[in-house]
1. From the list 34, 38, pick out the single residue that is modelled with pLDDT of 95 or more, assigned to a loop (DSSP other than H, G, I, E, B), more than 25 Å from residue 148 (Cα to Cα) and out of contact with any strand residue (DSSP E or B) (no Cβ under 7 Å at 6 or more places or on another chain).
2. Please go through region 29-53 and pick out each residue that is exposed (fewer than 15 other Cβ atoms within 10 Å of the Cβ) and either touching a residue at least 24 places away in the same chain (Cβ under 8 Å) or under 12 Å from residue 85 (Cβ atoms) (or both).
3. Can you tell me which condition residue 94 does not meet? The list is (1) within 30 Å of residue 146 (Cα to Cα); (2) out of contact with any helix residue (DSSP H, G or I) (no Cβ under 7 Å at 6 or more places or on another chain); (3) assigned to a loop (DSSP other than H, G, I, E, B), and all the others hold.
4. From the set of residues in region 3-28 that are closer than 14 Å to residue 83 by Cβ and in a strand (DSSP E or B), which is nearest to the chain's Cα centre (by Cα)?
């Protein structure tokens, strides 16, 4: 069943140190990937340290597993973070950095530090390459419902000028898909090739139901 899904959430347990590492991987449990921790020792499937074992907690689309990973890590941070090798709360695209989740929560900059940051930023401009990297990093990023609500409220009453509307219209003109592109889009939406098709959603729900006991035990 695992080969039907593009990603999974896993949990490593280091029995000798009584420590855990929770993560998400886009791929198969059978591939050579182990973990991406920056503080835990690196190892391969061929040299797993003594006393180290792994459980698969759930399977799904990459987005589903990113969201699940984040929720599970938030739970662990509140309850037993000192037992985890994890340093972050998951994929930056899906992490809620508000409140206590923000890396600077509870910290304050003194005036001297603020002034130094301000001086360092004066006249700073991004190169085209830098702008491209920032744009790529933002792709696929999601916002919390609270953030969306604030953005919506801020935009109320906002209208585009005629010049702005014209530019947007011109930018969209002439955009067409090649026959090859159309074929790929069509194939991607069909049953087995589409992780969000009804067929695959039913199979995924069935398999995750089978894993539900593991998750309940994990969150206990």
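The values are calculated or read from the model by the stated rules, or taken from the named source; none is laboratory data. This one's a predicted model, so the numbers in the text were calculated from it and none came from an experiment. Neighbour counts are summed over all protein chains in view; Cβ atoms, including those assigned to glycine, are modelled from backbone coordinates with ideal geometry.
1. On the way: 38 fails: modelled with pLDDT of 95 or more.
Of the residues listed, the single one that is modelled with pLDDT of 95 or more, assigned to a loop (DSSP other than H, G, I, E, B), more than 25 Å from residue 148 (Cα to Cα) and out of contact with any strand residue (DSSP E or B) (no Cβ under 7 Å at 6 or more places or on another chain) is 34.
2. In the first step, residues of region 29-53 are kept if they are exposed (fewer than 15 other Cβ atoms within 10 Å of the Cβ); the result is 29-32, 36, 38-39, 41-51, 53.
Within region 29-53, 29, 30, 36, 38, 39, 41, 42, 49, 50, 51, 53 qualify.
3. (2)
4. First, the residues of region 3-28 that are closer than 14 Å to residue 83 by Cβ: 11-22.
Okay, now just the ones that are also in a strand (DSSP E or B), so 11-14, 19-22.
Working: 11: 17, 12: 19, 13: 22, 14: 24, 19: 23, 20: 20, 21: 16, 22: 13 Å.
Once the filter is applied, the top-ranked residue is 22.
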